[in-house]
1. Would you tally the net charge around THR379, using a Cβ to Cβ cut-off of less than 10 Å, leaving THR379 out, and scoring K and R as +1, D and E as -1?
2. What FRET efficiency comes out for LEU58 versus LEU321 if R0 is 25 angstrom and r is the Cβ-Cβ distance? Round to the nearest 0.05.
3. What distance in nm separates the simple spin-label points at ALA40 and VAL511, each placed 7 Å from Cα in the Cβ direction?
4. Normalising by the residue count of the range 409-525, find the relative contact order in percent from Cα pairs under 8 Å and 6+ residues apart.
5. Which shape class, rounded, prolate or oblate, goes with the range 419-525 when its Cα gyration tensor gives a ≥ b ≥ c as root eigenvalues, a/c under 1.5 marks rounded, and past that a/b bigger than b/c marks prolate?
6. How much of the DSSP beta bridge set in the range 419-525 is antiparallel, as a percent to the nearest 5?
Amino acid sequence: MAARSLFGTIVDEWWGRHKEHVDRAAVERAMQENGELTPAFVFLVFVSCAIATLGLLLDSAAVVIGAMLIAPLMGPINLLGYAIAKTDPVSGRRAALALSFGVAAALVTSYSIVTISPFIPPTAQILARTNPNFFDLLVAVFSGLVAGFSIIRAQGGTFAGVAIATALMPPLATSGYGWANASWEIFSGAFLLFLTNMLAIAFSVAGVSLWYGFGKWPRAADFAWRGAAGALVLALLSIPLVRTLDSSVNQAILSRQVQDIVSNTLPAGTRIQQLTVQQTPGETAPRIQLVVLTRHYDEALPKRLEAVLDARFGRATDLSLDQLVANTDTARSDRQLTQQVATLLRSQAQGSSVRAGVDALLPARVSGLIQDEAARTLTVYLLPDAAPALPALQEAERQLAAKFTGYRVHVVPPVSALPPLLFDAEADTLSADASRELDASIWALKRWGVARVVVTAHASLNEAGRGTRALAESRARAVAARLTAQDIVAQSNTAYPVTGQAALEREAGAVALRSVYLTLGPTAP
C-alpha cells in the first residue's frame, strides 16, 4: 500500500510538472484575441489572400510563402481547438464565425482577382495544392501540436514554421482559382487540403490544451464518445487522402516499370526524351505518352513497343509515340558537302569563267562551286560569314538560273537558324512578309536536304484571352500545312506560355512572341 502511494505520488508529480510556468490568463487572452473576428483579422484575410493568389498566378514560391506568414486563419483555428478542449460553446461560436468569414472572404477575393486577370493556365504552385494525400494530414496533425504548444508555452518563434508547414491560405486561393475557371477538380482538391489542415490543427490544439490542463477531462464514457467522434472525422478525411497517396505510389511504380521496359526495347542510339504514364481509376489500360530521340525513323517501333507492354502488363496499353530525328539529315548534308568540295577541287580549273559570273551575281562569298557537265548542274556553296537573308539568296539563285540557261542552278546557303515567322496580333494566317520568309525557309531546307523539322508556335501573353493557346496551335497548323505541301515532315509543338514570358516581352516586345520557329533539331529555341 505504501509502495503504491509512493508510485502514485511520483506519477502525480511528473504529471503536474509539465504544467509549471504556464500563464493561464495570458494563454486565455492570446487565444481569444487572435481567434475573434476583428477589423485587423478582416484586413489580413483580404491582403494575404490577394498576395497568395498573385503568387500562384506568377508561379512564385517566395510570394506564396509570404502570404502564408501573414495569413490570420491560424488564430480562429487555435481558438476552435481550445474551445473543444474547454467545452466552451461561446468561444467555439466566435471561432466558427471568424473562420466562416475568413473562408468566404478568401474565396471571393481569389475569385475576383482571377476573373479580372488575363487567363493564366494552372501553374506549378497551383497544381501542387490540388492533390492532397495522407502525408498532408500527418503534417497538419504535427503542426497543430506545435501550434498549441507555442501559444501555451509562449514559444512565439515557432509560429512562422507552423504557418509555412500547414499552408492555410494558398489552398483557399487555389480553390478560388478553380471556382473562377469552373474547374471542379482544382477547387475540390485544394479545398480538401484546407479542410484537412484546419480540422487536424483544431483537434491537435484541443489535445495539447487538455494535456496542459485547460478544461476538464470528461468522464470515461463522455471521453470515449468525444474521442470516437474526433477519430471518425479524421478517419473520414483520411479515406480520400490515403487513396490519393496509394494512387501516387502506384503511379510512380507503374511509371518506373514502363520506363525500364521502354529503355530495354528501344534500339541502340535511341533515348527517351519524355515519358508520361497515366492510369485513370476504373480503366484497365494505362495511357503512355512517349517522345524519343532517334537517328532513324522506325515505322514499326510503336507496334513493337505496344506488343512488349501488352505482354508485360497482361492488358492493352494506349501508347502515343513521337519519334524526333536528331539532326540526321543535316549530318548527311555535311558528308555530301565534303564529297562535293573534293570534286570541286578537281574541277576548279575548268570553271574559272563560271566562277566569275557567279561571284558577280551573288551577294555573298562563295566557298565552293561544282559544275557537273554530264548532269548539266551548277551547285554553289556559300560561306557563313555575313550571308544575306534567305529571300535575297533565293532571288540570287533565280538570277543565276536566268544567266546560265543551260544548267540547273542550286545555291546552297550556309546552314543556320531559320528566321522566325511573325504574325499580326490575334491572327493565325501568315502575312505577306511572313509568307515570303516561309517560302525562303522551305527553299533553304530543300537545298540542305532536310526533310523533317520541328514547328514551334508562340503567342504573346493573353493575346486572344482564354483562346490564346488555341491561337498558337492554329499558327502551328498553318505553317505545318505549308511545309507538308512541300513534302517536308513537320512536328508541331505549342509553347505557350514560355518560362519568363512576361520578362521576355518587356525586353523584346510582344511582337517577338507572336511567332513560329522552324528548327532542325528536336526542340525549339
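No lab work stands behind these numbers, since they all come straight from the coordinates. In this text, all values refer to a predicted model and were calculated from it rather than measured experimentally. Note that we place each Cβ from the backbone using ideal geometry, even for glycine, and neighbour counts take in every protein chain shown.
1. +1
2. Once the sixth-power term is evaluated, E becomes 0.10.
3. 5.4 nm
4. It rounds to 37 percent for the range 409-525.
5. Prolate, since a/c reaches 1.5 and a/b exceeds b/c.
6. 50 percent
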